[in-house]
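Engineer: There's a structure below that I have some questions on.
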Amino acid sequence: MFEGSGVALVTPFRDGKIDESALVALIEAQIAGGTQVLVPCGTTGESATLSHEEHDRVIDITVSAAKGRVKVLAGAGSNSTEEAIRLTQHAKKSGADGALHICPYYNRPTQEGLYRHFESVAKATGFPIVLYNIPGRTSVNMLPKTVARLAKIDNIVGIKEASSVAQVSELIELCPPDFAVLSGEDALTFPMLALGAKGAISVTANLLPKACAEMFAAVGRGDWLTARKIHYELAEMNRILFIETNPAPTKAALALMKKMLPDVRLPLVALSPESLDQLQKTLKSYHLLG
């Protein structure tokens with residue numbers, strides 16, 4: 001259901017509010033570049049600092065702008081099960097195609113707690129759910145055996161995985177063939193595809209949607225040499241966009257490209273002058289600056 005090149009969309013801000021026109025322009029650029037799945041209100045979309053009203057609005061804008069041309073996988077995760085259900089119900093009402101759910105953070109549930117959390121969201125909403133495992137952000141690692149249990153629930157259709165290649169291999173081994181394993185780490189996308197992953201939700205695609213989509217197209221036609229070449233061409237960008245906490249570098253890059261303002265919300269801050277200088281040099285090397 002969710003395959004190919006996806007983007008973890010940033011949320012543009014202007015004067016402390018959502019910059020709706022900039023968001024729509026970014027979405028149009030993504031679709032023109034070949035992106036197949038739009039993912040608003042994830043980590044890169046600064047969901048943690050959006051109010052409920054803003055969160056709902058970003059989803060609504062994305063669905064409206066997409067106009068059914070590509071899939072919309074709405075970020076709807078929370079460390080509160082009831083809140084996750086509410087966000088998912090709104091995503092369903094908005095016309096999104098599914099909801100992305102991060103492992104509950106801070107409260108650090110057990111594997112059984114993770115299972116029951118996602119089971120409750122799935123059963124309460126009847127909406128396609130993609131799990132999201134990123135231990136570096138949540139301090140909890142959802143193990144492949146837990147994911148395999150969840151994959152037996154009809155409307156839990158995939159996982160965005162950002163742990164390790166070894167864990168990805170075990171996931172694909174244990175889960176049904178139609179369960180979509182998606183890369184949640186740009187540097188791991190190519191090796192994950194080689195293992196059998198079906199897509200990615202990329203930060204780098206915010207800047208280079210066409211190149212990211214072309215890597216998937218190459219894999220789709222069995223041209224692994226070209227896909228590997230693109231992987232290495234993207235490597236420096238994959239690194240520089242995490243020189244400081246995501247999404248500050250990505251927003252700064254898009255600002256340098258005159259796509260939006262670089263504004264992030266506290267507790268995130270603007271890039272240091274040193275990081276900004278390195279970022280600008282990288283963008284020039286990719287011919288992204290005029």
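Engineer: How many of the residues making up the range 165-177 are in contact (Cβ under 8 Å) with a residue 12 or more places away in the chain and in a loop (DSSP other than H, G, I, E, B)?
Structural biologist: 2
Engineer: Quick check on the range 232-239. Is at least one of its residues within 22 Å of residue 75 (Cα to Cα), modelled with pLDDT of 95 or more and among the hydroxyl-bearing types (Ser, Thr, Tyr)?
Structural biologist: no
Engineer: Moving on. Taking the range 6-44, which residues are of a type outside the set (A, V, I, L, M), in contact with a helix residue (DSSP H, G or I) (Cβ under 7 Å, 6 or more places away or on another chain) and under 23 Å from residue 79 (Cβ atoms)?
Structural biologist: Result: 11, 40, 41, 43, 44.
Engineer: While we're looking at this one, here's another question. Please give the number of the condition residue 258 fails out of (1) more than 27 Å from residue 134 (Cβ to Cβ); (2) of a type in the set (Lys, Arg); (3) crowded, with 16+ Cβ neighbours inside 10 Å.
Structural biologist: It is condition (3) that residue 258 fails.
Engineer: Residue 64 - would you say it is small (Gly, Ala, Ser) and either buried (at least 18 other Cβ atoms within 10 Å of the Cβ) or in contact with a strand residue (DSSP E or B) (Cβ under 9 Å, 6 or more places away or on another chain) (or both)?
Structural biologist: Details: small (Gly, Ala, Ser): yes; either buried (at least 18 other Cβ atoms within 10 Å of the Cβ) or in contact with a strand residue (DSSP E or B) (Cβ under 9 Å, 6 or more places away or on another chain) (or both): no.
Spelling it out, it is not the case that residue 64 is small (Gly, Ala, Ser) and either buried (at least 18 other Cβ atoms within 10 Å of the Cβ) or in contact with a strand residue (DSSP E or B) (Cβ under 9 Å, 6 or more places away or on another chain) (or both).
Engineer: Among residues belonging to the range 79-95 that are of a type in the set (Ser, Thr, Tyr) and touching a residue at least 40 places away in the same chain (Cβ under 8 Å), point out the one that is surrounded by the most Cβ atoms within 10 Å (Cβ to Cβ). Even if it seems obvious, please write down each step before you answer.
Structural biologist: To start, the set of residues in the range 79-95 that are of a type in the set (Ser, Thr, Tyr) comprises 80-81, 88, 94.
So of that shortlist, the ones also touching a residue at least 40 places away in the same chain (Cβ under 8 Å) come out as 81, 88.
Working: 81: 18, 88: 27.
Ranking the candidates gives 88 first.
Engineer: Which of the residues spanning the range 96-142 are free of Cβ contacts under 8 Å to residues at least 40 places away in the same chain, closer than 21 Å to residue 168 by Cβ, crowded, with 17+ Cβ neighbours inside 10 Å and not polar (S, T, N, Q)?
Structural biologist: 101, 103, 114, 115, 118, 131, 140, 142, listed by residue number.
Engineer: Of all residues in the range 263-277 being over 19 Å from the mean Cα position of the chain (by Cα) and surrounded by 15 or more Cβ atoms within 10 Å (Cβ to Cβ), which is nearest to residue 13 (Cα to Cα)? Steps first, please.
Structural biologist: Taking the range 263-277 and keeping what is over 19 Å from the mean Cα position of the chain (by Cα), we get 263, 266-267, 269-277.
Checking which are surrounded by 15 or more Cβ atoms within 10 Å (Cβ to Cβ) leaves us with 263, 270-271, 275-276.
On the way: 263: 6, 270: 13, 271: 16, 275: 21, 276: 19 Å.
The residue in question is 263.
Engineer: Right, next: Going by the conditions given, is residue 182 in a helix (DSSP H, G or I), surrounded by 18 or more Cβ atoms within 10 Å (Cβ to Cβ) and of a type outside the set (Val, Ile, Thr)?
Structural biologist: On the way: in a helix (DSSP H, G or I): no; surrounded by 18 or more Cβ atoms within 10 Å (Cβ to Cβ): yes; of a type outside the set (Val, Ile, Thr): yes.
Answer is no for this residue.
Engineer: Looking only at the range 137-162, which residues are of a type in the set (S, T, N, Q) and either assigned to a helix (DSSP H, G or I) or in contact with a Pro (Cβ under 6 Å, 6 or more places away or on another chain) (or both)? Quick ask: steps written out before the conclusion?
Structural biologist: Taking the range 137-162 first, the residues of a type in the set (S, T, N, Q) are 138-139, 141, 146, 155.
138, 141, 146, 155 - these are the residues of the range 137-162 that are of a type in the set (S, T, N, Q) and either assigned to a helix (DSSP H, G or I) or in contact with a Pro (Cβ under 6 Å, 6 or more places away or on another chain) (or both).
Engineer: Looking at (1) closer than 20 Å to residue 233 by Cα; (2) within 21 Å of the chain's Cα centre (by Cα); (3) surrounded by fewer than 13 Cβ atoms within 10 Å (Cβ to Cβ), find the lone condition where residue 253 falls short.
Structural biologist: Answer for residue 253: the failing condition is (3).
Engineer: Return the only residue of 31, 59, 102 being farther than 24 Å from residue 213 by Cβ, of a type outside the set (D, E, K, R) and modelled with pLDDT of 95 or more.
Structural biologist: On the way: 31 fails: farther than 24 Å from residue 213 by Cβ; 59 fails: farther than 24 Å from residue 213 by Cβ.
Result of the check over 31, 59, 102: 102.
Engineer: Looking only at the range 188-202, decide whether some residue is closer than 22 Å to residue 285 by Cα and touching a residue at least 60 places away in the same chain (Cβ under 8 Å).
Structural biologist: Yes: one or more hits.
Engineer: On to the next question. Take the residues in the range 37-51 that are touching a residue at least 24 places away in the same chain (Cβ under 8 Å) and more than 12 Å from the chain's Cα centre (by Cα), then tell me which one is surrounded by the fewest Cβ atoms within 10 Å (Cβ to Cβ).
Structural biologist: Filtering the range 37-51 down to residues touching a residue at least 24 places away in the same chain (Cβ under 8 Å) leaves 37-47, 49-50.
The next check asks that each one be more than 12 Å from the chain's Cα centre (by Cα); those that pass are 49-50.
Details: 49: 14, 50: 19.
Result: 49.
Engineer: Separate question: Could you grab the pairs with beta carbons closer than 6 Å, sequence gap of 6+ or different chains, first residue in the range 13-33 and more than 11 Å from residue 261 (Cβ to Cβ), second one in a strand (DSSP E or B)?
Structural biologist: Note: pairs meeting the criteria are 30/7.
The values are calculated or read from the model by the stated rules, or taken from the named source; none is laboratory data. Here the structure is a predicted model, which is why all the values come from computation and not from measurement. Because the Cβ atoms are built from the backbone with ideal geometry, glycine has one as well, and the counts that use them run over all protein chains shown.
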